[in-house]
Amino acid sequence: AFLSAGYIKYLLTFVRTGKFNTDEIINTIKEKWLHILVANILVGIIVFACSLLFVIPGIIMALAYTFVLYLIVDKDYAVGPDALKASREMMKGYKWDYFVFVLSFIGWIILGVFTLGILYIWLIPYMQVASVLYYEKLLAKQK
């Protein structure tokens, strides 16, 4: 989770400015490690509790909290519950759209299995940048 948060900050900077700055990965981890840890524990507990009911509520809650790390890294939410609430509000009305968006990569993921994982070298960064662009689109719609 810590490396993911640093990578998200790196990608957000790259998408917004077009510049590479790898120092942001380490700086983000140093500055926000506690917030990332608290948020991941809270998301894990909530998604697990909803998954105990049925699988579908767990998936819905996982989709609702998709952008928690993005918000912690990008918007400086200091407390995990604030980022959870903001992510839930951001995804209101977009959970199905994001689910279909993620499913659009299923063909590439299956193809990656047939290439013994070599395709994932290109596919994982592509999917991450696509998620960052989706996040940016949602931020623009909120304004």
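Side notes on the structure shown:
- Qualifying residue in segment 17-33 (condition: touching a His at 6+ places or on another chain (Cβ under 9 Å), under 19 Å from residue 129 (Cα atoms), open to solvent by less than 50 Å² (accessible area, probe 1.4 Å) and not aromatic (Phe, Trp, Tyr)): no
Listed here are the residues, each with its yes/no results for (1) surrounded by 12 or more Cβ atoms within 10 Å (Cβ to Cβ); (2) of a type in the set (D, E, K, R); (3) without any contact (Cβ under 8 Å) to a residue 60 or more places away in the chain; (4) more than 17 Å from residue 15 (Cβ to Cβ).
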| position | (1), (2), (3), (4) |
| --- | --- |
| 104 | no, no, yes, yes |
| 109 | yes, no, yes, yes |
| 116 | no, no, yes, yes |
| 129 | yes, no, no, no |
| 138 | yes, no, no, no |
| 143 | no, yes, yes, no |
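- Residue 59 being over 18 Å from residue 136 (Cβ atoms) and β-branched (Val, Ile, Thr): yes
Yes/no matrix, rows are residues, columns are (1) within 24 Å of residue 127 (Cα to Cα); (2) assigned to a helix (DSSP H, G or I); (3) in contact (Cβ under 8 Å) with a residue 24 or more places away in the chain; (4) touching a helix residue (DSSP H, G or I) at 6+ places or on another chain (Cβ under 8 Å):
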| site | (1), (2), (3), (4) |
| --- | --- |
| 5 | yes, yes, yes, yes |
| 8 | yes, yes, yes, yes |
| 13 | yes, yes, no, yes |
| 21 | yes, no, no, yes |
| 24 | yes, yes, no, yes |
| 43 | yes, yes, yes, yes |
| 47 | yes, yes, no, yes |
| 50 | no, yes, no, yes |
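- Taking the conditions (1) open to solvent by 80 Å² or more (accessible area, probe 1.4 Å); (2) under 28 Å from residue 24 (Cα atoms); (3) out of contact with any helix residue (DSSP H, G or I) (no Cβ under 7 Å at 6 or more places or on another chain) in turn, residue 88 satisfies each one other than (3).
- Search result, residues across segment 13-49 that are within 20 Å of residue 65 (Cβ to Cβ) and small (Gly, Ala, Ser): 39, 44, 49
A quick yes/no check of all residues on (1) at pLDDT 90 or above; (2) within 16 Å of the chain's Cα centre (by Cα); (3) assigned to a helix (DSSP H, G or I); (4) closer than 14 Å to residue 134 by Cα:
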residue: 39; (1), (2), (3), (4): no, yes, yes, no
residue: 59; (1), (2), (3), (4): yes, yes, yes, no
residue: 73; (1), (2), (3), (4): no, yes, yes, no
residue: 77; (1), (2), (3), (4): no, yes, no, no
residue: 96; (1), (2), (3), (4): yes, yes, yes, yes
residue: 100; (1), (2), (3), (4): yes, yes, yes, yes
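- Residue list for segment 68-85, filter: open to solvent by less than 50 Å² (accessible area, probe 1.4 Å) and either on the phi > 0 side of the Ramachandran plot or of a type in the set (Phe, Trp, Tyr) (or both): 70
- Across segment 118-127, the qualifying residues are those that are under 20 Å from residue 11 (Cα atoms) and among the β-branched types (Val, Ile, Thr), and the one among them that is most open to solvent (accessible area, probe 1.4 Å) is 121.
The values are calculated or read from the model by the stated rules, or taken from the named source; none is laboratory data. Just so you know, these numbers come straight off a predicted model, no measurement behind them. No Cβ is skipped: glycine too gets one built from the backbone with ideal geometry, and neighbour counts run over all protein chains shown. Each accessible area value is taken on the protein alone, full model and side chains, heavy atoms only, with ligands, DNA and RNA left out. Shrake-Rupley method; radii C 1.70, N 1.55, O 1.52, S 1.80 Å.
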